[in-house]
1. Would you check which residues across region 1-40 are part of a loop (DSSP other than H, G, I, E, B) and over 22 Å from His128 (Cβ atoms) and list them?
2. Quick test of your reading of the structure: Leu110 fulfils all but one of (1) under 20 Å from Val46 (Cβ atoms); (2) surrounded by fewer than 21 Cβ atoms within 10 Å (Cβ to Cβ); (3) touching a strand residue (DSSP E or B) at 6+ places or on another chain (Cβ under 8 Å); (4) not β-branched (Val, Ile, Thr). Name the failing condition by number.
3. Looking only at region 131-170, filter to residues that are small (Gly, Ala, Ser) and outside any helix (DSSP H, G or I); which one of those is surrounded by the fewest Cβ atoms within 10 Å (Cβ to Cβ)?
4. Just checking, does region 134-141 include any residue being acidic (Asp, Glu), modelled with pLDDT of 95 or more and within 28 Å of Thr244 (Cα to Cα)?
5. Kindly check whether there is at least one residue in region 188-211 that is polar (S, T, N, Q), buried (at least 22 other Cβ atoms within 10 Å of the Cβ), more than 14 Å from Ala25 (Cβ to Cβ) and out of contact with any His (no Cβ under 7 Å at 6 or more places or on another chain).
6. Among the residues of region 175-210 satisfying the criterion of being small (Gly, Ala, Ser) and part of a loop (DSSP other than H, G, I, E, B), which is nearest to Ala221 (Cα to Cα)?
7. Looking only at region 213-228, count how many residues are touching a strand residue (DSSP E or B) at 6+ places or on another chain (Cβ under 9 Å) and farther than 18 Å from His8 by Cα.
Amino acid sequence: MLIDSHCHLEYKGLVEDQAGVLTRARAAGVGGFLSISTRQSEWDQVIATADREADVWASVGIHPHEADGHADLGEAALLVATQHPKVIAIGETGLDYYYDKSDRQTQQALLRRHIAVARETGLPLIVHTRDAEADTAAILRDELERGAYPALIHCFTASADFAREVLELGLTISLSGIITFKNAKDLQAIAAELPEDRILVETDSPFLAPVPHRGRPCEPAFVADTARFVAELRGVSPEHLAETTTRNFTRLFTKAGL
């Protein structure tokens with residue numbers, strides 16, 4: 001069994017045929033889905049889908065692109081949302097200096113608020129980082145000194161140095177369809193050497209469809225293609241990779257109850 005540890009089931013490209021999307025993924029061997037929110041207005045819908053589907057869980061959080069619109073969001077709102085039994089993660093949150101759609105200081109402040117909630121609840125923090133390695137690592141390290149919290153870097157595309165740093169901090173690294181791209185040689189080299197107990201796989205659907213699905217909306221079913229590619233990189237069977245990543249998901253997202 002595989003688990004898609006990061007998908008956006010309420011986004012255009014999936015939500016129009018959500019039942020079909022889930023059916024196709026289950027037929028491809030995907031037995032669990034973590035549906036990610038990126039703004040507060042999505043939380044109810046993401047949670048409703050998780051309520052309706054036994055193998056779907058939800059996250060609550062604010063994407064860095066949305067930070068300016070949620071500058072006043074306090075920890076209390078996140079804490080209330082985490083009380084729902086199907087909410088098993090905080091995020092996605094983080095820093096994105098590539099697009100700079102929100103003020104950087106606001107992004108940083110919100111990231112710290114999400115970390116505080118992850119620390120208080122024990123729910124894993126899902127971190128998005130792009131062109132912001134130094135600040136992301138500094139905040140993660142600083143906050144760990146204030147108290148431990150579980151966390152992962154989703155859709156990892158950063159440097160080998162950043163990978164080593166977040167692994168030293170105890171984080172998990174999630175690999176998306178980007179790993180299959182021809183220009184991802186550096187990322188492939190990193191993925192081949194990651195510790196076995198720190199790897200997850202995801203689609204980030206409807207974005208980043210892996211080879212051989214480039215040019216199409218990505219679906220959770222395609223996590224099987226990513227997993228096969230990663231397995232070949234690491235010299236293990238697809239079955240072994242599936243067992244490993246599902247075990248890692250279960251250990252990190254304990255509230256899922258798998």
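The values are calculated or read from the model by the stated rules, or taken from the named source; none is laboratory data. None of the values given here were measured: they were computed from a predicted structure. All Cβ positions, glycine included, derive from the backbone under ideal geometry; neighbour counts span all protein chains shown.
1. First, pick out the residues of region 1-40 that are part of a loop (DSSP other than H, G, I, E, B): 1, 8-14, 28-29, 36-39.
Met1, Ala28, Gly29, listed by residue number.
2. (2)
3. Here is the first cut: in region 131-170, the residues small (Gly, Ala, Ser) are 132, 134, 137-138, 147-148, 151, 158-160, 163, 170.
This time we only want the ones that are outside any helix (DSSP H, G or I), so: 132, 147-148, 151, 158-159, 170.
Numbers: Ala132: 24, Gly147: 10, Ala148: 13, Ala151: 28, Ala158: 22, Ser159: 12, Gly170: 13.
Restricting to residues being small (Gly, Ala, Ser) and outside any helix (DSSP H, G or I), the top hit is Gly147.
4. The initial filter retains those residues of region 134-141 that are acidic (Asp, Glu), namely 135.
Checking which are modelled with pLDDT of 95 or more leaves us with 135.
Filter again for within 28 Å of Thr244 (Cα to Cα), leaving none.
Checked region 134-141: no residue is acidic (Asp, Glu), modelled with pLDDT of 95 or more and within 28 Å of Thr244 (Cα to Cα).
5. From region 188-211, those polar (S, T, N, Q) are 188, 203, 205; that's our starting set.
Still in the running and buried (at least 22 other Cβ atoms within 10 Å of the Cβ): 203, 205.
Among the residues that remain, those that are also more than 14 Å from Ala25 (Cβ to Cβ) are: none.
No, the conditions are met nowhere in region 188-211.
6. Going residue by residue through region 175-210, those that are small (Gly, Ala, Ser) are 176-177, 184, 189, 191-192, 205, 209.
Filter once more, so that each one left must be part of a loop (DSSP other than H, G, I, E, B): 176, 184, 209.
Values: Ser176: 12, Ala184: 21, Ala209: 10 Å.
Applying the filter and picking the extreme gives Ala209.
7. Narrowing region 213-228 to residues touching a strand residue (DSSP E or B) at 6+ places or on another chain (Cβ under 9 Å): 217-224, 226-227.
Restricting the remaining residues to those that are farther than 18 Å from His8 by Cα gives 227.
So the count comes out to 1.
Yes/no matrix, rows are residues, columns are (1) out of contact with any strand residue (DSSP E or B) (no Cβ under 9 Å at 6 or more places or on another chain); (2) assigned to a loop (DSSP other than H, G, I, E, B); (3) within 21 Å of Leu252 (Cα to Cα):
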{"position": "Thr49", "(1), (2), (3)": "no, no, no"}
{"position": "Glu66", "(1), (2), (3)": "yes, no, no"}
{"position": "Ala77", "(1), (2), (3)": "no, no, no"}
{"position": "Ile90", "(1), (2), (3)": "no, no, yes"}
{"position": "Lys101", "(1), (2), (3)": "yes, yes, no"}
